[in-house]
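Let me begin by presenting the structure, written as structure tokens, before commenting on it.
Rule-based calculations on the coordinates, nothing more; no lab input. For clarity, every value in this text was computed on a predicted model and none was experimentally measured. Please note: Cβ atoms are built from the backbone with ideal geometry, for glycine as well, and neighbour counts cover all protein chains shown.
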Amino acid sequence: MEEEKYIREKFGCENHFRIPNGYFEDFAANMMNKIPEVEVEVSVQRTNKKSRTIVLHHRIMVAAACVAFMISGLSFYFYNSQGLHHAESTGSVSKSVSPEEAADYAMLDNQDIYKYVSSEE
């Protein structure tokens, strides 16, 4: 606290930082004059080679995505078809279960069902 008091007594409360008149009006022009001019050489061959490389990379990525999609689809198809044939051969094909059979299997009575339904609210 004493340091602030000392600074205020020594320098006062006014802002000592000033901007010269017209500084921001000429700022852009002055900055552009200070930047050195550099010639940019663009090689048409280099640009074409770069664009061809980018197109080639995109095509490779699209082809890889298509192959991955086909492999995953085929593996899903063969996995499901083998699982179905296996279940049919063992005789363990599942049947649809009615809600009453499911409640009997889970050993739920009406009170348990009412309690479960009312607790979700």
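Remarks
- Length released on extending from residue 77 to residue 8, taking residue separation times 0.36 nm less the Cα-Cα span: 16.6 nm
- Environment charge at residue 107 (Cβ cut-off 15 Å; Lys +1, Arg +1, Asp -1, Glu -1): -4
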